Each structure stands twice: as structure tokens, then as C-alpha cells.
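Chemist: Below are the C-alpha cells for one structure; questions will follow.
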Amino acid sequence: MSHIQDTVKPLLSVRGLTLDIPLASGTLHAVRGIDFDLHKGETLCIVGESGSGKSLTSLAVMGLLEKNIRRSAEQLNFDGIDLIGASKRQMRGLRGDRIAMIFQEPMTSLNPAYTIGDQLVEALRLHRKVSREKARERAIELLEKVGITAAASRLSQYPHQLSGGLRQRVVIAMALMCEPELIIADEPTTALDVTIQAQILSLLVELTKEMDVAMILITHDLGVVARVADKVGVMYAGELVETGPATDVFGKPMHPYTRGLLHCIPQPGKTKRGEKLGTIPGIVPSLIGDVQGCAFRTRCPHVVEACRGDIPERGQPPHEFLCVHADGARAAEGEPA
Amino acid sequence: MLPFILKRLGLAGLVAFTVSFISFSLLFLSGDPAAALAGETASGEDIEAIRRLYGFDRPMLVQYGEWLFQALRGNFGESYYFKLPVSSLIADRLSVTMTLGVCGITFALLTAVPLGVAAAIRPNSIIDRVALFLSVAGQAMPSFWFGLILIVLFGIKLRWLPPSGASTWQHFIMPTIVLGYYAMPAIMRLTRAGMLEVLNSDYIRTARAKGAGEGRVLFKHALRNAIIPVVSLAAVQMGFMLGGSIVVESIFALHGAGYLAWESIARNDLPTVQALILIFSMFYIIFTFLADVLNAWLDPRMRSS
């Protein structure tokens, strides 16, 4: 989907991002030529199953991939900076300052040896010439913002003295220390209790809106996506099979995989009591060696011979998808055109 | 932190007390001390006389109490063999052993920790392989053999270093290397394993995501967490070096406390052996205590446990 036309220059622009992992048994094509744009203040949700390449994509933007993973792209631009060509020093300057990241595991993502205060202060002082005192003030201000009570006294506490929910709030505060323009949140609520999940998520969305921060939210929870996303990217086996504004993707899902995913969650008013929820039969194919054609064809009910060949890009920007069927086989499933 | 230190201190005191009792009573388990002291040709009356002279006829607990009371005041009695106060005898020898032990553990840490870190940064690289080779060699080479090789090479062939004695600092170079090299492999491997594990942890990724540079990631965020088991190991190694450097002390004719222990055991010099066992145990206890405190400072989670 390389012809997204926008009048405003996007903050993050990704074209043909490809990630290959050399393994003993061959090359694993973990991410295969994905494109997306993200504008200032926008929230892009990337959804997909485990192993579809969502986390790798986010690490690729951060420049934090394992050394053995090969990254290439026609374009990987953040506010005019070419992230592929950027020096280590340049990337270090961007990370934590203009692009911040929130990880999945709050229990282990804070250093056990240092206080919350030390770690928050460090986040700011790595990028700004400010005094410790000023940095502490900023830390307190942000801890209060993320809803932590008695913020000043929390600064001297260690991670093990806080609950998972509190730790994730600290991690969010840490990501916000330098007022980043982009936050990448990799399943930030997956490891938390269900009751806490909703709180943390609303907090994150509220703060990004309030501070006008763009966000890439990686999740496999479609309920979350429906609530917070401006844009949605559906990822399957290393490809973005469908992208578009959230209302379009949910209102008129084009790719058979997207519809499959949506059938897997109950919808109030639509799903009848006692009715079985949908499942997508089969498993994700191996991405080792040459990958040809549509990766979803082994599980797709509408598979035809052409699925083995090159898959055309369909739809009109901003809502696009990859499928041999011009209508994404909507007609075949009895969905309105 | 203070309650933790007090708790550990109390525990250390308890262990020290137990050890003192064991070290005192062990010698009575190895036979009749009066008979041993009197020699093979002594008559029964002679043995009885010695028994009364040294107070072996009193109940053991009384003897222990007396011994402990004196020991706490630094009086360990008189050496049977040297006919000198044990305390001054040991004080002389201990300075040699302490110097050797401190130099040995310093040498071991200064080589092992950087090597372990370097090996962990690039696993399976040349540095990692060299470090592995050095540690296997260190583990496999008996210290008496390694010591002799050094003496032959640097003491006799090249004449760079004095082959034996303890009068100048040059005398300590070879013993330090032999003693330290023996402790190095374990410390190196533990540092490497710890660093490898820590470098793969989530909080290291967080530090990188914050924009921290490699040096900061390695030394501020990773090493502090990886070094914790190394501290405990180094404490035990240090205790071992002070008490068990007999071989090294013999080869280089450094008459330290280890050598004195060997002499005293061979000569059945009970007061000296008792005092040495007690002192060596105290070293272990002190170093373990210090290691615990250091670890609690490094890792706040330990303070609450």
C-alpha cells in the first residue's frame, strides 16, 4: 500500500520494511515489506496474532533489534530523519527523547537495583541538561499525571515495592519524561489484571491525546482497538494485510483475515446468546525460506489458484488491503459490498 | 538497611560462637591431648601430671569457658612447640597471609570481572574463547606446579623476581599471581553468566529505549545486577585464600599463617591450631557478613528478606 496520499507530511513514514532473521534452517522472513504512515497525534493500532511481527516492527523503528536481525526498507523516516541511515549516536538521541517505548512486562522492565526516582530522573537527564532537582520535580509532576498518589514519596521506592499496575504507570511516566512525539506501546496491558488493563489503557490514551503524542499501540485485543484507534493495521504473518481508519476497518473489514478476527469477539447486540464465537482454523504458516503468494491462503475459506501468485493491493487510500479478490471475498460471505 | 545489618551481625555472632565451640572440642575428639603432649615414652604418672598442669582434668565446658574468655582478650595461651604466646606468633604470620590474600583476591577480581564482562558482551567471540581457555587452564593447573613454573621462569632463568621469601613487595608478585589465578576461573565464569542473563533482561531493553549509551547500559544497569553472586563467591574465595594458602606459602617460602597451621598440626601444637581454626573461621564469617551487606546495598530486594 505504497500510495497513501496525505497532504500533511507524516511524522513516521514506513515503506517496504523488511526484517529477516537468519536461522540454521534458513532465513525467517519475519516482516515482509510493510508500509504505514503515522501523523502527529494519531493513534495507530497494529493488531495480529503472536508471531505476526508486531513487536519486531516496533523494535525496528526504535533501532533496538537483536544484532542478528537484518533490517531493510525503502523508507523509514521519522520527521525527516532516515532511521536506517542514522548513526548509533543519532538513534540514541532519538530514543527516549522524541520516540519513547512502553514494554509489555511491567514486572521486569524496571531495573530492580535503582529507585523509581533514579530511573525517572535518568530518562530526562540523558537528553536534557537539567539539574537533578528539576528532573525530580518533573518526575513528581508526571507520576501525579499518571495517577500515582503520594508521588514525592514514591520516588525513593524500588520497583519490587510496587504492584504491576503501579509499575506500568511508572513506565508510562518514564516514557513521557522528555515529551516525546511518538510513543510505541507494545502490548502495555497484556501482563496486567483485567481490571487494571482498562485503567492503564484509558490513561495512556488520555495522556497521548492531551499531550498530542502520536502512538503506535500494539495489541491483540480488538476491543481495545475499537475504542482507541484512529488507524488500524492488521498484521498477519509479517504483512500488513489491511490498513485504514478504524471506523472503516471495523465498519467494512475487507480482508478475510480481518473479518475472521472480528468474528472471534462477541459483539453486543449482534452476537446471540448461546451462539458459538468464530475461530480461524489452521495455524500461521512457517515463514522460513521463500514465501510466495498470500500467507493466509492455507486458512482462508476463499482460496483460489491465484492466491499462490503475487497479491495485488486493493482498495482506495486510506483504506487498503491485500487480496486477490477485488472485494476481499465480501460477496462470497454475504456481506454488503 | 540498618535493621538488615543488625540482623546479619547477630547471625554472624551466633555462627562465630558455634564455630568457637566446635574448634575447641574438635581437638579433644582426636585423642587424649595430655598423652599426645607427653610423648610416646612417657609413663602414666607423667601423663597425669601433664593433664593436671594443662588443666585437661577439668570438665570440658569449664575448659571451653576459660579458653573462650582468654581468647576474647586476645590470649590464646602458649604454643607447646615454640614456647611463645600463640597470639604474637599468629600476629607475625598473619600479616604475610593477609597481604597475600588481599593481593590474590584483588588480582583475581581485576582480571576475572573485566574478562567476564568482555566475554558476555560478545559471546563466542575471540575474547570469549581466550577467557574460556584461561579459565580452563587456571582450573586445571595445580597451583604447586604453576608456582614452580613461575619460579623457574621468572626467578631463575630471567631473574626478574625473587624466587622465595617475603621481605620486599617483589616477593609477593608470583605468589599473588598463583593464588589469584586459582580463584579467577570461577569468578570469571560467574561474571560472564550473570552478565549474559542480565543483558537479556527487560530492564536492559528499557535502558536502551531511554537512550542510554552502551557504557551506561553495561556498567550502570547491567553490571550492578550481574555482580551480586560474584560478591558472595569472592567472599568465600577470600576466606579460602587466608586459610588455605598453605601450598602457595610453602612453595614460595612465605611463612604465613597457612604454613603455621600446617606446622602446628604436624607438631600437635594444640593451642596454636585452636587459635588458627578460630581465626580462619572468623575471617569466613566476617567476609560473608561483608558480602551480605554489600549485596544488600547492590540489590534492595535483599534488604527486606
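FYI, it's all coordinate maths here, none of it is from the lab. Please read these numbers as outputs of a predicted model, since none were measured by experiment. Because the Cβ atoms are built from the backbone with ideal geometry, glycine has one as well, and the counts that use them run over all protein chains shown.
Chemist: With runs of 4+ DSSP H residues as the only contributors, calculate the mean residue ellipticity of chain B at 222 nm using -39,500 (n - 2.57) per run, divided by the residue total and rounded to the nearest 500. The partial results should precede the final answer.
Modeler: Working: 15 runs with 222 residues, N = 305.
Using -39500 (n - 2.57) per qualifying helix, the result is -24000 deg cm²/dmol.
Chemist: So how far apart, in nm, are the two label points at B:Q70 and B:S250 if each is 7 Å from Cα heading toward Cβ?
Modeler: Calculated label separation equals 3.0 nm.
Chemist: While we're on this one: Which value, to two decimals, describes the C-alpha radius of gyration of the stretch B:2-72 once divided by 2.2 N^0.38 Å?
Modeler: For the stretch B:2-72, the normalised Cα radius of gyration comes out at 1.53.
Chemist: What fraction of the Cα pairs in the stretch B:42-201, stated in percent, has a spacing above 20 angstrom?
Modeler: Beyond 20 Å sits 68 percent of the P(r) for the stretch B:42-201.
Chemist: Before anything else, pin down the relative contact order of the stretch B:1-96: Cα pairs under 8 Å, at least 6 apart, normalised by residue count, whole percent.
Modeler: Dividing the mean separation by the residue count of the stretch B:1-96 yields 14 percent.
Chemist: Report Rg(Cα)/(2.2 N^0.38 Å) for the stretch A:68-158, keeping two decimals. Let's see the in-between values first.
Modeler: Numbers: Rg = 16.2 Å, N = 91, 2.2 N^0.38 = 12.2 Å.
The stretch A:68-158 yields a ratio of 1.33.
Chemist: Still on this structure, please answer the following. In chain B, if the dipole is taken from +1 on Lys/Arg beta carbons and -1 on Asp/Glu beta carbons about the Cα centre, which of B:I251, B:L37, B:W297 is farthest to the positive end?
Modeler: Comparing the listed Cα positions along the dipole, B:W297 ranks first.
Chemist: To the nearest Å, what is the center-to-center distance of the stretch A:192-212 and the stretch B:215-229, using C-alpha atoms only?
Modeler: 32
Chemist: Quick one: Debye curve from the alpha-carbon atoms of the stretch B:189-305 only, equal weights, vacuum; give me log10 I(q)/I(0) at q = 0.16 Å⁻¹ to two decimals.
Modeler: These q points yield log10 I(q)/I(0) values of -0.82.
Chemist: Please get the size of the charge dipole for the stretch B:195-240, origin at its Cα centre, with Cβ charges of +1 on Lys and Arg and -1 on Asp and Glu, quoted in debye to the nearest 20.
Modeler: Result for the stretch B:195-240 is approximately 220 debye, rounded to the nearest 20.
Chemist: I've got another one for you. For the pair B:S95 and A:S202, what calculated FRET efficiency results from E = 1/(1 + (r/R0)^6), where r is the Cβ-Cβ distance and R0 = 45 Å, to the nearest 0.05?
Modeler: Calculated transfer efficiency: 0.10.
Chemist: Shifting gears a bit: Using a Gaussian network model of chain A with C-alpha springs under 10 Å, which one of A:T189, A:T219, A:T108 is most mobile by mean-square fluctuation?
Modeler: A:T108
Chemist: If you restrict to DSSP beta bridges whose two residues both lie in the protein assembly as shown, what percentage is antiparallel, to the nearest 5?
Modeler: Numbers: 32 of 52 bridges.
Bridges in the protein assembly as shown that DSSP calls antiparallel: roughly 60 percent.
Chemist: Sequence gap at least 6, Cα distance under 8 Å: using those rules, report the relative contact order of the stretch B:187-262 to the nearest whole percent.
Modeler: After rounding, I find 29 percent.
Chemist: Which residue, chosen from A:G164, B:S281, A:C178, occupies the Cα position most advanced towards the positive end of the dipole of the protein assembly as shown, where the dipole is computed from +1 (Lys, Arg) and -1 (Asp, Glu) charges on Cβ about the Cα centre?
Modeler: After comparing all options, I get A:C178.
Chemist: State to the nearest 20 debye the size of the charge dipole of the stretch B:90-304 about its Cα centre, where the only charges are +1 on K and R beta carbons and -1 on D and E beta carbons. Kindly include the intermediate steps, with their values, before the conclusion.
Modeler: Details: 16 positive and 10 negative charges, 163 e Å.
Result for the stretch B:90-304 is approximately 780 debye, rounded to the nearest 20.
Chemist: Convex hull over the Cα atoms of chain A, averaged projected area in nm²?
Modeler: Result: 18.8 nm².
Chemist: Would you look at the GNM of chain B, springs on alpha carbons closer than 10 Å, and say which of B:A16, B:A118, B:A207 moves the most?
Modeler: Greatest mean-square fluctuation among the candidates belongs to B:A207.
Chemist: Between rounded, prolate and oblate, where does the stretch B:90-304 land on the alpha carbon gyration tensor, with a ≥ b ≥ c its root eigenvalues, rounded for a/c under 1.5, else prolate if a/b exceeds b/c?
Modeler: oblate
Chemist: Per residue, what volume in Å³ does the convex hull of the Cα atoms of the stretch A:270-337 enclose?
Modeler: Numbers: hull volume 9.1 nm³, N = 68.
With only Cα atoms used, the stretch A:270-337 gives 134 Å³ per residue.
Chemist: Take the alpha carbon atoms of the stretch A:228-307, find their center, do the same for the stretch A:85-141, and report the distance between the two centers in whole angstrom.
Modeler: What the calculation gives is 37 Å, centre to centre.
Chemist: What percent do you get for the relative contact order of chain A when only Cα pairs under 8 Å and 6+ apart count?
Modeler: Contact order relative to length: 21 percent.
Chemist: Could you list, in their original order, any pairs among A:K9/A:K252; A:K145/B:K210; A:K9/A:K129; A:K88/A:K145 whose Cα atoms are separated by more than 22 Å?
Modeler: Too far apart for the 22 Å limit: A:K9/A:K252; A:K9/A:K129; A:K88/A:K145.
Chemist: Putting +1 on Lys and Arg Cβ atoms and -1 on Asp and Glu Cβ atoms, find which of B:S25, B:L72, B:I5 reaches farthest to the positive end of the dipole of the stretch B:2-72.
Modeler: Looking along the dipole axis, the top candidate is B:I5.
Chemist: Net charge within 11 Å of A:E179 by Cβ-Cβ distance, Lys/Arg positive one each and Asp/Glu negative one each, not counting A:E179 itself? Before the final figure, lay out the partial values.
Modeler: Numbers: positive: A:R98, A:R128, A:R138; negative: A:D97, A:E181, A:D212.
Neighbourhood net charge equals 0.
Chemist: Let me know the charge dipole size of chain A about its Cα centre in debye, to the nearest 20, where only the beta-carbon of Lys, Arg (+1) and Asp, Glu (-1) is charged.
Modeler: Details: 38 positive and 40 negative charges, 139 e Å.
Its charge dipole is roughly 660 debye.
Chemist: How many percent of Cα pairs in the protein assembly as shown exceed 48 Å?
Modeler: Result for the distance tail: 39 percent.
Chemist: May I ask you to work out the translational diffusion coefficient for the stretch A:150-257 at 25 °C, viscosity 0.890 mPa s, via Stokes-Einstein with Rh from the Kirkwood sum over Cα pairs, reported in whole µm²/s? Mind dumping the intermediate values first?
Modeler: Details: Rh = 15.5 Å.
For the chosen part, D equals 159 µm²/s.
Chemist: I would also like to ask the following. Quick check: residue separation of A:T247 and A:I265 times 0.36 nm, minus the Cα distance between them. What number comes out in nm?
Modeler: Length gained, A:T247 through A:I265: 4.8 nm.
Chemist: I've got another one for you. Could you check which residue among A:N68, A:N77, A:N111 shows the biggest mean-square fluctuation in a GNM of chain A with a 10 Å Cα cutoff?
Modeler: Residue with maximal mean-square fluctuation among A:N68, A:N77, A:N111: A:N68.
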